[in-house]
1. Read through the list (1) over 17 Å from PHE70 (Cα atoms); (2) open to solvent by 10 Å² or more (accessible area, probe 1.4 Å); (3) out of contact with any Leu (no Cβ under 7 Å at 6 or more places or on another chain), then give the number of the only condition that PHE50 fails.
2. Any residue at all in region 56-66 that's closer than 30 Å to ARG134 by Cα and in contact with a strand residue (DSSP E or B) (Cβ under 7 Å, 6 or more places away or on another chain)?
3. Hand me the list of helices (runs of 4 or more DSSP H) wholly inside region 114-228 holding 1 or more residues that are at negative phi, open to solvent by less than 20 Å² (accessible area, probe 1.4 Å) and of a type in the set (Gly, Ala, Ser).
4. For region 203-214, state whether one or more residues are modelled with pLDDT of 95 or more, within 15 Å of the chain's Cα centre (by Cα) and not basic (Lys, Arg).
5. Please specify each residue of region 1-47 satisfying the condition of being open to solvent by 40 Å² or more (accessible area, probe 1.4 Å) and touching an Asp or Glu at 6+ places or on another chain (Cβ under 6 Å).
6. Name the residue, out of SER126, SER111, SER118, that is farther than 25 Å from TRP222 by Cα and touching a His at 6+ places or on another chain (Cβ under 9 Å).
7. Out of (1) out of contact with any strand residue (DSSP E or B) (no Cβ under 6 Å at 6 or more places or on another chain); (2) on the phi < 0 side of the Ramachandran plot, the odd one out for ASP89 is which?
8. Please work out which residue is surrounded by the fewest Cβ atoms within 10 Å (Cβ to Cβ), limiting yourself to region 53-67 and to residues that are touching a residue at least 40 places away in the same chain (Cβ under 8 Å) and not small (Gly, Ala, Ser).
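The values are calculated or read from the model by the stated rules, or taken from the named source; none is laboratory data. Keep in mind that this is a model prediction, so the values were computed, not measured. Positions of Cβ are generated from backbone atoms using ideal geometry, with glycine treated the same way; all protein chains shown enter the neighbour counts. With ligands, DNA and RNA removed, areas are computed over all heavy atoms of the protein, side chains included. Shrake-Rupley method; radii C 1.70, N 1.55, O 1.52, S 1.80 Å.
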Amino acid sequence: MISVCIATYNGARYIGEQLTSILKQIAAEDEVVVSDDGSTDGTLDIVRSFNDRRIRIVDGPQRHSPTLNFECALRNAKGEYIFLADQDDVWLEGKVRRCMEELHECDCVVSDARVTDSLLNTTSESLFQLMHVRRGRLSNLLWRNGYTGCCMAFKREVLSKALPFPTDIPMHDIWIGNVAAFCGSLHFIDDRLLLFRRHDAATSCNGKGSNYSLWQKLSFRWHTLKNIVKLKTGIR
């Protein structure tokens, strides 16, 4: 069973297109878990309008935190295979099939994506190239994070190790990617499996550049490393 986890907040503009691209790729026994963080723009009306029994809406933490909202979705996921999805992207045909092929060989997969503007006009052919993604786990932990949540799929074993999220992690995808890399196996694949939409209201800085200070970046790496060590040594 596959669980697709989406964290929504005022995503009415794009959520319908995203759900359409997801639902046509998953089976009748799979699910889409939508954790909503208190949307006021009709997001949930659009989600409900699909009238699809595979979609399950849960109340988010109401704290305007993408990390906590995704944690809520993940806690409610029932599947053995977990896909993360942002509310504003579009999955390309074959995404689920290709990721599942890879998950037979590893615990977590991170795919490439085509970067677009708000109207889905391509602005960069490769998110990996735009972000200068490196493949090594130390490079991703200490140098530049390449674990973009909407490009990730993983087995339940990874989720079991990642939950509950430590309170001081920088972002949910950074934490999950490092858990998979250091406590299992993670593969990057060059297939561009989604349209990664960048617009002014997007919460992720991937593909746009980071506004964090050097001190903040060093702090994020320290907290991630500290929590990975705790997880590996069993003292969480």
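1. So PHE50 meets the others, but not (3).
2. Pass one, region 56-66, residues closer than 30 Å to ARG134 by Cα: 65-66.
From the residues that got through so far, the ones that are in contact with a strand residue (DSSP E or B) (Cβ under 7 Å, 6 or more places away or on another chain) too are 66.
Yes - at least one qualifying residue is present in region 56-66.
3. On the way: elements: 127-131, 156-162, 172-183.
Those helices (runs of 4 or more DSSP H) span 156-162, 172-183.
4. The first filter runs over region 203-214 and keeps only residues modelled with pLDDT of 95 or more, leaving none.
Within region 203-214, none of the residues are modelled with pLDDT of 95 or more, within 15 Å of the chain's Cα centre (by Cα) and not basic (Lys, Arg).
5. Once the filter is applied, which keeps residues that are open to solvent by 40 Å² or more (accessible area, probe 1.4 Å) and touching an Asp or Glu at 6+ places or on another chain (Cβ under 6 Å), region 1-47 yields MET1, TYR9, ASN10.
6. Numbers: SER126 fails: touching a His at 6+ places or on another chain (Cβ under 9 Å); SER111 fails: touching a His at 6+ places or on another chain (Cβ under 9 Å).
Just one listed residue meets the conditions, SER118.
7. Every listed condition holds for ASP89 apart from (1).
8. Filtering region 53-67 for residues touching a residue at least 40 places away in the same chain (Cβ under 8 Å) gives 60, 64, 66-67.
Next, only the ones that are not small (Gly, Ala, Ser) stay: 64, 66-67.
Details: HIS64: 12, PRO66: 18, THR67: 21.
Restricting to residues being touching a residue at least 40 places away in the same chain (Cβ under 8 Å) and not small (Gly, Ala, Ser), the top hit is HIS64.
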